[in-house]
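The values are calculated or read from the model by the stated rules, or taken from the named source; none is laboratory data. All values reported here derive from a predicted model rather than from experimental measurement. Here the Cβ positions follow ideal geometry from the backbone for every residue, glycine too, while neighbour counts run over all protein chains shown. In case anyone asks, the SASA skips ligands and DNA or RNA and just uses the protein heavy atoms, side chains included. Shrake-Rupley method; radii C 1.70, N 1.55, O 1.52, S 1.80 Å.
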Amino acid sequence: MSVAAERVLDELKRGRAVLIGGADGLAVLSVELATEEALSLFDGDGRADLLITDKRAQSLNLANQRPAAGMRAVRLARPDWIDAAGSVAVADPVLDLSSPLKGPFSTRPVGDDSLAAAALQAAKLAGLLPALHVRAARPADAELLSVPAAEIMSLRAPETLREIGRAKLPVKGAEDGRVVAFRSPGGPEHLALLVGRWDRGTPLTRLHSACLTGDVLGSLKCDCGDQLHAAVAAMTEAGGGILLYLQQEGRGIGLINKLRAYALQDQGYDTVDANLRLGFEIDERDFGIAAAMLKMLGVSSIRLLTNNPGKVSGLSALGIDVTERVPLVAGHGPLNEGYLATKRDRTGHQF
């Protein structure tokens, strides 16, 4: 695993420019973190373009200027009136109502598709909005940190996951619990909570995406915290089970971006449209991580505790035999009726 790739993500999170693809590649700078001074230095004698996803382009009414089928990046010429703050208004849909955009925008050729895809993926992996100031690399960029596009695209891939350690972890509802920690080089930690006689037969299994607001703070906007505790209780009642706690907050967009999605929901968008307006896919999670964890635990056949048939098909495609989908209904209340209705009507959840 490349140390350079991790250093590039760290530089992006610090609001610094990096190179994707080396001297013949792209120089990129995060839109949300760029100061006026940093953007001025990045522009140099020219003017950097903006790189956004096709999803964000659609919300900016640029659907007629989308790239060819299969490419999910759109490169925009940056008009003279767009400075660093104006670029944030392009990238962040939470500002769409307070900062109406003045377009029109014109597109430029994306160039090397693999470089553009890697650049946007780097922003996502760094937990940032998928929007970048972008230009061709220059000789003066030689001091910037650089990484090949392929290394960004392979970063934190399921096949790089490794077991880190095990320990006893008694929890409410499962005093005999044990925990197994997994991590990809430079990636977030994922946990498997093993309950009771989890290794007998076809264990009851739950894939639970981390939700700090629901699991820890008790948010009533979702059902996550209640589902977490209900799953542990169901496993105890069944005599054992496996709860995979995956660091894929907000369906994989990260905590801060999930809070941006909440702000969009306050403006009237549902959770699906909020993700799309932010420039993300409806679901950015990688179920390959869960499949890899199960295989490392020696488990190939499970009963899946979920309301989401997509998890069943996702795991099945990755070699995990899901013998039964077991419904999990918990945490329904007046403050999350809309959220649950969206899950049912737009992402196929079955309650």
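I want the antiparallel fraction of DSSP beta bridges within the chain, as a percent rounded to 5.
Around 70 percent antiparallel, to the nearest 5.
I'd like the accessible area for residue 285, computed on protein heavy atoms only with a 1.4 Å probe and all protein chains in place. Round to 10 Å², please.
50 Å²
Label region 267-351 by shape, choosing from rounded, prolate and oblate, from the square roots a ≥ b ≥ c of the eigenvalues of the Cα gyration tensor; if a/c is under 1.5 it is rounded, and otherwise prolate applies when a/b is larger than b/c, oblate when it is not.
It comes out oblate by the Cα gyration axes.
Connecting C-alpha atoms closer than 10 Å in a GNM of the chain, tell me which of 166, 303, 251 has the biggest fluctuation.
Comparing 166, 303, 251 in a Gaussian network model of the chain, the most mobile one is 166.
Roughly what angle does helix 287-296 make with the longest principal axis of the chain, taking Cα atoms, 0 to 90 degrees, to the nearest 10?
50 degrees
Can you give the calculated 222 nm mean residue ellipticity of the chain, where each DSSP H run of n ≥ 4 adds -39,500 (n - 2.57) and the sum is split over every residue, rounded to the nearest 500 deg cm²/dmol?
Roughly -9500 deg cm²/dmol at 222 nm, from the helical runs in the chain.
Out of residues 5 or more away from residue 73 or on other chains, whose amide H comes under 5 Å of its own, with H placed 1.01 Å from N in the peptide plane?
Placed amide hydrogens put 54 under 5 Å from residue 73.
I need the shape label for the chain. Rule: rounded when a/c is under 1.5, else prolate if a/b > b/c, else oblate, with a, b, c from the alpha carbon gyration tensor.
Prolate shape, in that a/c is at least 1.5 and a/b is the bigger ratio.
Modelled label-to-label distance, residue 217 and residue 143, 7 Å Cα→beta-carbon offset: nm?
4.0 nm
Given a 1.4 Å probe and the protein chains all in place, what does the accessible area of residue 339 round to, in Å² to the nearest 10?
Per-residue accessible area (residue 339): approximately 50 Å².
Could you tell me the distance between the Cα centroids of region 131-167 and region 227-305, to the nearest Å?
Between the Cα centre of region 131-167 and that of region 227-305, the gap is 24 Å.
When a/c is below 1.5 the answer is rounded, else prolate if a/b is larger than b/c, else oblate, so apply that to region 184-258 with a ≥ b ≥ c taken from the square roots of the Cα gyration tensor eigenvalues.
Because a/c hits 1.5 or more and a/b fails to exceed b/c, region 184-258 counts as oblate.
Per-residue accessible area for residue 349 at 1.4 Å probe radius, Å² rounded to 10?
Counting only protein heavy atoms, the figure is 30 Å².
Helix 337-346 versus the longest principal axis of the chain: what angle, 0 to 90°, nearest 10, using Cα atoms?
That works out to roughly 80 degrees.
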